[in-house]
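Working notes for the structure below.
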Amino acid sequence: MASPRTITIVALSLALGLFFVFMGTIKLTPRLSKDAYSEMKRAYKSYAKALPGLKKVGISSVLLRKVIGTLEVACGIVMTLVPGKPKDVANFLLLLVMLVVLFFHQLVGDPLKRYAHALVFGILLTCRLLVARQNEDQPEREESREQLVNNQEKNKVKLS
């Protein structure tokens, strides 16, 4: 039977991966939802206007939206399908993307209801990363610590 830690990691990986594939696809194409796609275009135009430095570097609102959407789709696929350490890398990249998105929302002065999803999914990504990075050796360490304490108690008894 799988450990609760493993079940948590798998469930979070699947849910987060599918969410980011969906959200990234909405940023890239109007096929899923024309209204959501139009809203994304409008939002990224306001982000680009709020950061005039992006234009100086040659990053338009369209390029910014497509880069973030592509990152979300790619990392979402990795989180959903690829086993092992690449999931942690994808998790970290998505966490950085969420921090950038939160920065953009704060920059343009959006109300909380406009960026609550980014906040929640950033917290979920953080939780998944923390759970995944925990050592599975903790129960073994506790057992070895108990054995060490027992051995020290036996040695005390022998010396007395």
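I want to confirm something. Restricting to the range 1-55 and keeping residues that are modelled with pLDDT under 90 and polar (S, T, N, Q), which single residue is surrounded by the most Cβ atoms within 10 Å (Cβ to Cβ)?
Of everything passing the filter in the range 1-55, 8 is surrounded by the most Cβ atoms within 10 Å (Cβ to Cβ).
Can you tell me which residue in the range 110-160 is modelled with the lowest pLDDT, limited to those that are among the basic types (Lys, Arg) and open to solvent by less than 80 Å² (accessible area, probe 1.4 Å)?
114
How about the range 1-53: which of its residues are assigned to a helix (DSSP H, G or I), touching a Gly at 6+ places or on another chain (Cβ under 9 Å) and of a type in the set (S, T, N, Q)?
Across the range 1-53, the qualifying residue is only 25.
Test residue 93 against the criterion of being open to solvent by 30 Å² or more (accessible area, probe 1.4 Å), touching a Cys at 6+ places or on another chain (Cβ under 7 Å) and closer than 19 Å to residue 126 by Cα, and give yes or no.
So residue 93 fits the description; yes.
The values are calculated or read from the model by the stated rules, or taken from the named source; none is laboratory data. Note that this is a predicted model, so its numbers are computed, not measured. Reconstructed Cβ throughout: ideal geometry from the backbone, glycine too, with neighbour counts over all protein chains shown. Just the protein is used for accessible areas: all its heavy atoms, side chains included, with ligands, DNA and RNA removed. Shrake-Rupley method; radii C 1.70, N 1.55, O 1.52, S 1.80 Å.
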